[in-house]
Amino acid sequence: MARTPFQVEVLTPEGPIFSGEVEMVSTRTEVGSIGILAHHTPLLGMLAPAELKLYLSETEIVSFAQGEGYIQVADNHALVLVEEAIKADELVREELQAQIDAAEAAIAESEPHTEAQKKALRDQRRAKIFFGILEA
């Protein structure tokens, strides 16, 4: 069943990653998974590292590993602002494993409840989630 398309933009600090019409957006906020269809009620949410899926049609899906960020939905338009968005098929196992190892070393070296530890934990979470996207 075809759905009504709507405009979506995915932006990172490096620039636009995607701009076009989709039938659905699927991602994860800090409070759970979310699916966005055309004419969605206005929304502003914090995004967690996850797989961002843009459904161009029922059979064509563009998939990204998304970092932390925000999603805004208004006036039949979705804006996804994220620290990074990497096409799922461009993830590199060795790089992600090195990031996991570095984050775990930083966690072990940091003092509990410090900003350094919080950053290392965020980096570990992100790298493990991206690794899971690669494995799927």
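The values are calculated or read from the model by the stated rules, or taken from the named source; none is laboratory data. Fair warning: this is a prediction, and the values are worked out from it, not measured in the lab. Quick reminder, even Gly has a Cβ in these numbers, built from the backbone with ideal geometry, and neighbours come from all protein chains shown. Heavy atoms of the whole protein, side chains included, go into the accessibility calculation; ligands, DNA and RNA do not. Shrake-Rupley method; radii C 1.70, N 1.55, O 1.52, S 1.80 Å.
Report the one residue of PRO13, ILE129, SER26 whose Cα lies farthest in the direction of the positive end of the charge dipole of the range 1-129 (charges on C-beta: Lys and Arg +1, Asp and Glu -1; origin at the Cα centre). In the range 1-129, that residue is SER26. Tell me the label-point distance for the pair LEU37, GLU83, using the 7 Å Cα-to-Cβ offset, in nm and rounded to one decimal. Output for this residue pair reads 3.3 nm. Quick check: at a probe of 1.4 Å, how many percent of the accessible area of the chain sits on carbon and sulfur atoms? Carbon and sulfur together cover 53 percent of it.
Which lysines, on any chain, are close to LYS119 with Cα under 20 Å apart, when same-chain ones fewer than 8 places away are left out? By straight Cα distance, LYS119 reaches LYS128.
Given R0 = 30 Å, the distance between the Cβ atoms of GLN72 and GLU95 translates into a calculated FRET efficiency of 0.50.
FRET efficiency for the LYS128 to ILE61 pair, using the beta carbon distance and R₀ = 25 Å, is estimated at 0.65.
Annotation: peptides 3-16, 116-129, ranked by per-residue average of other Cβ atoms within 10 Å with the highest first, follow the order 116-129, 3-16. Exposure check, 1.4 Å probe, all protein chains in place: MET46 carries approximately 110 Å² of accessible surface.
Solvent-accessible surface of the chain, averaged per residue with a 1.4 angstrom probe and all protein chains in place: 58 square angstrom. Its Cα centre serving as origin, the range 27-136 has a Cβ charge dipole (Lys and Arg +1, Asp and Glu -1) of approximately 280 debye. Shown here: semi-axes √(5λ) of the Cα gyration tensor in Å, derived from the displayed model; of the candidates [x] 25, 16, 14; [y] 30, 16, 11; [z] 23, 19, 16, it corresponds to [y].
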